[in-house]
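Accompanying notes for the structure given below.
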Amino acid sequence: MATIVGAATALSASKSFNSRKLHLRSRRSLSVSERKGSFLVVRSDGSVVHKAHRAQKLIANAVATKADSSAASTASKPGHELLLFEALREGLEEEMDRDPTVCVMGEDVGHYGGSYKVTKGLATKYGDLRVLDTPIAENSFTGMGIGAAMTGLRPIVEGMNMGFLLLAFNQISNNCGMLHYTSGGQFKIPIVIRGPGGVGRQLGAEHSQRLESYFQSIPGIQMVACSTPYNAKGLMKAAIRSENPVILFEHVLLYNLKERIPDEEYVCSLEEAEMVRPGEHVTILTYSRMRYHVMQAAKTLVNKGYDPEVIDIRSLKPFDLHTIGNSVKKTHRVLIVEECMRTGGIGASLTAAITENFNDYLDAPIICLSSQDVPTPYAGTLEEWTVVQPAQIVTAVEQLCQ
Amino acid sequence: MALAHVASSTSRSNLLRPISAFVSPNLRRQLSTDDTRTLTIETSVPFTSHRCESPSRSVETTPSELLSFFRDMATMRRMEIAADSLYKAKLIRGFCHLYDGQEAVAVGMEAAITKKDSIITAYRDHCTFLGRGGTLLEVFSELMGRIGGCSKGKGGSMHFYKKDSGFYGGHGIVGAQVPLGCGLAFAQKYKKDGTVTFALYGDGAANQGQLFEALNISALWDLPAILVCENNHYGMGTAEWRAAKSPAYYKRGDYVPGLKVDGMDALAVKQACKFAKEHALKNGPIILEMDTYRYHGHSMSDPGSTYRTRDEISGVRQERDPIERIRKLILSHDLATEKELKDTEKEVRKLVDDAIAQAKESPMPEPHELFTNVYAKGYGVEAFGADRKEVRAVLP
């Protein structure tokens with residue numbers, strides 16, 4: 001994220017939404033060359049720092065291989081380096097320290113340390129009553145989390161894989177989302193439901209599901225997707241502090257991303273999108289893992305002379321139409337790149353929202369690149385073709401900008 | 001005290017007043033000294049237990065408690081019958097599940113616990129809400145969708161809640177309230193309250209998987225959860241022997257102790273709930289099966305006679321009706337006269353009618369209320385209208 005370095009100082013002064021926005025605006029007024037120089041501090045994708053004259057090939061691995069340049073680029077900066085799952089754990093630990101009503105429940109979160117190590121060490125620190133190992137009973141332990149939240153506790157329910165939360169759909173939809181409304185405001189449900197989802201490395205169809213498309217129409221919940229260690233920690237903290245039920249979507253392939261994050265405490269805003277790369281020609285909206293595919297494509301596009309504006313929407317419900325709208329007003333072309341399936345995914349809703357609200361500003365129809373409407377196959381090559389690849393993004397931008 | 005209240009009610013005729021003026025001071029004197037006397041009454045049937053000791057059949061109670069049982073159950077019965085007429089008059093729409101016949105469970109449970117203990121139930125919740133301290137006006141306003149209702153008219157018959165007295169609803173999906181109830185018990189254990197949660201469900205919901213999942217977790221973590229199966233023998237139109245291989249619901253917890261109770265006897269219910277509360281605080285979850293009966297059908301759209309005979313319904317009404325049982329007890333122990341009880345019923349009827357009249361006059365929610373309470377206010381998100389004309393994003 002371009003303004004992370006700047007934002008670190010801004011945020012240490014105040015955690016409010018407004019200061020970051022102001023910062024964004026001032027950044028955008030810089031000249032093109034300056035802007036290019038400053039934004040190249042996208043550390044989670046370490047290779048961006050290097051030159052762009054690199055042979056483009058079909059990239060199956062969106063996660064940056066060892067951030068070899070990160071040492072050079074981050075040596076002199078403040079903060080500490082960690083991996084995304086450690087960032088999540090740091091956020092979780094800080095919140096559990098701060099508020100004794102925060103507890104975690106899920107399968108193997110306690111003694112085992114979490115299947116993705118997000119809760120490692122927490123059980124020994126906080127005890128069995130605050131970090132609870134549940135049996136394999138998603139429907140009921142999600143329900144129990146919601147019942148506990150009704151009384152004022154702040155549970156964090158971890159689904160070992162988001163796909164397992166389909167078993168708890170009734171509890172999430174009816175009780176989690178709607179109780180605040182049907183009780184006339186008597187009960188608040190400050191629960192956080194989190195877990196990894198998305199297409200991984202040949203995990204098979206049932207373990208590669210993207211549940212954001214199923215949950216998006218439940219009224220009363222908020223959905224956010226993290227993509228970098230910085231926003232993972234910030235969103236985790238914001239989600240825990242929120243009085244509304246929040247579903248935090250993580251991605252299986254992003255847990256080992258390394259980034260330097262500030263030492264000071266910070267919280268990200270749950271409803272705000274992140275400007276990854278300001279640009280002029282086309283707005284590319286994305287979230288979670290696809291952000292990295294988009295950034296790969298952005299390098300190629302920059303070589304070819306395009307100037308894409310990349311926004312990580314982060315907030316899947318509700319959409320940050322303010323940031324998105326400002327961008328559309330500037331570029332007049334929109335490309336959505338997502339990992340959901342074509343039918344009924346986040347991209348479909350986003351397309352509808354943008355068309356409804358900003359139709360006058362569009363010069364071309366919105367292009368939405370999503371995964372194919374198929375169960376994710378096991379074979380590696382087939383799995384690559386299910387998901388959107390950088391080459392397809394480049395082609396789509398070229399098509400848009402004709 | 002209930003009797004004094006009855007004695008001074010305006011429904012007494014002038015003719016009777018001189019006599020009562022002569023009689024009642026004696027009675028009052030007698031009752032005021034005996035008001036605190038405990039009566040020991042045997043429950044109608046003994047308890048059957050599974051993996052635990054049965055509580056004693058002798059229940060201690062006081063005259064005022066019995067009279068309050070009578071009054072509360074009469075109010076509940078009257079309220080449900082009034083709701084029946086309102087539904088037929090199309091003032092209540094949607095689903096309306098009536099509790100008449102089962103009042104003893106709500107009333108007996110209240111007598112054994114405090115408002116700090118939590119109760120959660122499914123959609124047959126009107127009387128449980130009343131027992132927890134809800135008012136008749138709130139009930140009827142909510143049923144008719146008015147803003148004065150307990151859920152501001154947005155919940156309806158199946159979504160009554162009263163947070164300040166520990167009533168957590170009011171849930172439409174069968175069985176979903178049991179994991180919620182175990183979550184309430186978990187929070188009670190977490191906060192070390194010394195309170196318990198009663199999670200009520202029906203014989204139909206007893207076959208839900210999430211119930212056994214939640215029971216397993218509650219037993220593992222020693223939660224103060226009491227699962228109460230209100231067995232009215234019919235899951236909508238399906239009799240219990242057609243739905244459950246083992247209709248002994250109190251035994252189905254297997255490793256969790258259970259107790260079978262005559263749910264039409266308010267005193268037995270009270271005894272069982274007291275016993276269960278002590279047990280849950282020490283030993284973890286316990287299942288109570290209340291053997292009860294509903295006179296109405298499953299809901300207002302179900303006549304209730306296609307799957308059972310009218311003889312059965314009237315038979316239960318004659319032999320096991322909870323209000324009649326308390327009436328007989330009161331009369332046999334000379335706690336009140338026949339007339340006084342009838343007067344109580346008349347008074348209750350008037351209260352219910354007044355509440356209905358008041359609710360009918362009360363306003364419907366404003367249109368903007370459609371979008372309030374979707375999210376907790378002040379935490380970032382507002383709910384926008386479907387008509388985006390007013391809230392289209394404004395660009396600088």
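Can you give the FRET efficiency to the nearest 0.05 for A:K329 and B:I147, using r as the Cβ-Cβ distance and R₀ = 45 Å? Don't skip to the end; give the middle numbers.
Numbers: r = 41 Å, r/R0 = 0.91.
For A:K329 and B:I147, the calculated efficiency is 0.65.
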| field | A:D373 paired with B:S314, simple spin-label distance in nm, labels 7 Å along Cα-to-beta-carbon | value | 6.0 nm
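Can you sort B:M290, A:M144, B:M300 from fewest to most other Cβ atoms within 10 Å of each residue's own Cβ? Intermediate results must be reported in sequence, preceding the final value.
Working: B:M290 28, A:M144 35, B:M300 21.
Ordered from fewest to most neighbouring Cβ atoms within 10 Å, B:M290, A:M144, B:M300 come out as B:M300, B:M290, A:M144.
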| query | Where nothing but the Cβ of Lys and Arg (+1) and of Asp and Glu (-1) is charged, how large is the charge dipole of segment B:258-332 around its Cα centre, in debye to the nearest 20? | reply | 280 debye
| request: Take every Cα-Cα distance within segment A:82-261, group them into 5 Å bins from 0 onward, and report for each bin the whole-number percent of pairs it holds. | output: 1, 9, 19, 23, 23, 16, 7, 2, 0, 0
| task | For segment A:301-371, just say rounded, prolate or oblate: build the C-alpha gyration tensor, square-root its eigenvalues into a ≥ b ≥ c, call rounded for a/c under 1.5, and beyond that prolate if a/b exceeds b/c, oblate if not. | result | oblate
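What ranking, highest mean first, results for peptides A:103-116, A:266-279 when packing means the other Cβ atoms within 10 Å averaged over each residue?
Numbers: A:103-116: 20.1, A:266-279: 23.2.
Descending mean neighbour count gives A:266-279, A:103-116.
Give me the extension gain from B:K346 to B:L39: residue separation times 0.36 nm, minus the current Cα-Cα distance, reported in nm with one decimal.
Values: separation 307, 0.36 × 307 = 110.52 nm, distance 2.68 nm.
Contour length minus the Cα-Cα distance gives 107.8 nm.
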| task | Work out, step by step, the length gained on full extension between B:K192 and B:K328: first 0.36 nm times the residue separation, then minus their alpha carbon distance; give nm to one decimal. | result | 44.8 nm
| ³J(HN,Hα), Karplus 6.51/-1.76/1.60, whole Hz, each residue of segment B:121-133, x for Gly, Pro | 9, 8, 8, 8, 10, 4, 6, 5, 4, 5, x, 7, x
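Rounded to the nearest 0.05, what FRET efficiency do A:E384 and A:I136 have when you use their Cβ-Cβ distance and R0 = 51 Å?
On the way: r = 32 Å, r/R0 = 0.62.
It comes out at approximately 0.95.
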| Pairs beyond 22 Å (Cα-Cα), from A:K125/A:K188; A:K188/A:K233; B:K116/B:K163; B:K116/B:K270 | A:K125/A:K188; A:K188/A:K233
| request: Show which aspartates and glutamates lie in cross-link reach of A:K304 when reach means a straight Cα distance below 18 angstrom and same-chain residues fewer than eight apart are skipped. | output: A:E280, A:E398
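Can you compute the charge dipole magnitude of segment B:236-363 about its Cα centre, using +1 on each Lys and Arg Cβ and -1 on each Asp and Glu Cβ, nothing else charged? Give it in debye, rounded to the nearest 20.
Details: 23 positive and 22 negative charges, 88 e Å.
With only Lys, Arg, Asp and Glu charged at Cβ, the dipole is about 420 debye.
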| message | Need the C-alpha centroid separation for segment B:209-235 versus segment B:80-124, integer Å. | response | 21 Å
| What is the order of B:T292, A:T300, fewest Cβ neighbours within 10 Å to most? | A:T300, B:T292
| query | Amide H to amide H, which residues 5 or more places from B:T48 or on other chains are under 5 Å from it, using H placed in the peptide plane? | reply | B:K260
| message | Can you list residues from other chains, or at least 5 along the same chain, whose modelled amide H is less than 5 Å from the amide H of A:G110? | response | A:D133
| Over all distinct Cα pairs, what is the inverse of the mean 1/r for segment A:274-400, reported as the Kirkwood hydrodynamic radius in Å? | 14.5 Å
| Those lysines that a straight Cα-Cα span of less than 16 Å connects to B:K251, excepting residues fewer than 8 apart in one chain | B:K260
| Which three extents, in whole angstrom, do the alpha-carbon atoms of segment B:71-168 cover along their principal axes, largest first? | 37, 26, 20
| Out of residues 5 or more away from A:H281 or on other chains, whose amide H comes under 5 Å of its own, with H placed 1.01 Å from N in the peptide plane? | A:D307, A:E309
| Straight-distance crosslink candidates among lysines, where the alpha carbon sits under 16 Å from B:K350 and sequence neighbours closer than 8 are dropped | B:K342, B:K360
| request: Could you run the Karplus curve 6.51 cos²θ - 1.76 cosθ + 1.60 with θ = phi - 60° over segment A:177-191 and give me ³J(HN,Hα) per residue in whole Hz, x for Gly and Pro? | output: x, 9, 5, 5, 6, 6, 8, x, x, 6, 10, 9, 10, x, 9
| note | When the charge dipole of segment A:142-223 is computed with +1 on Lys and Arg Cβ and -1 on Asp and Glu Cβ about the Cα centre, the Cα farthest towards its positive end, among A:V192, A:S208, A:G163, belongs to A:V192
| So for segment A:82-261: antiparallel DSSP bridges make up what percent, rounded to the nearest 5? | 10 percent
| Karplus-derived 3J(HN,Hα), 6.51/-1.76/1.60, for each residue of segment A:256-272, Hz, glycine and proline x | 9, 6, 10, 7, 9, 10, x, 6, 5, 6, 8, 10, 8, 7, 6, 9, 10
| remark: Looks like chain B, by Cα gyration tensor root eigenvalues a ≥ b ≥ c and the a/c under 1.5 rounded cutoff (else prolate when a/b is bigger than b/c, oblate otherwise), is oblate
| query | So what's the gap between the Cα centers of segment B:252-280 and segment A:113-179, to the nearest angstrom? | reply | 30 Å
| message | Can you find, among A:N256, A:T134, A:G106, the residue sitting farthest towards the positive end of the charge dipole of segment A:82-261, where Lys and Arg contribute +1 and Asp and Glu -1 at Cβ? | response | A:N256
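Within a 10 angstrom radius of the beta carbon, how do B:W241, B:W221, A:W385 rank from fewest other beta carbons to most? Don't jump to the answer; show the numbers that get you there.
Numbers: B:W241 9, B:W221 20, A:W385 17.
Lowest count first: B:W241, A:W385, B:W221.
Read the figures in this text as sums done on the coordinates, not as results from a lab. From a predicted model like this one, the values you see are computed outputs, not experimental measurements. Heads up, the Cβs are rebuilt from the backbone with ideal geometry, glycines too, and the neighbour counts pull from every protein chain shown.
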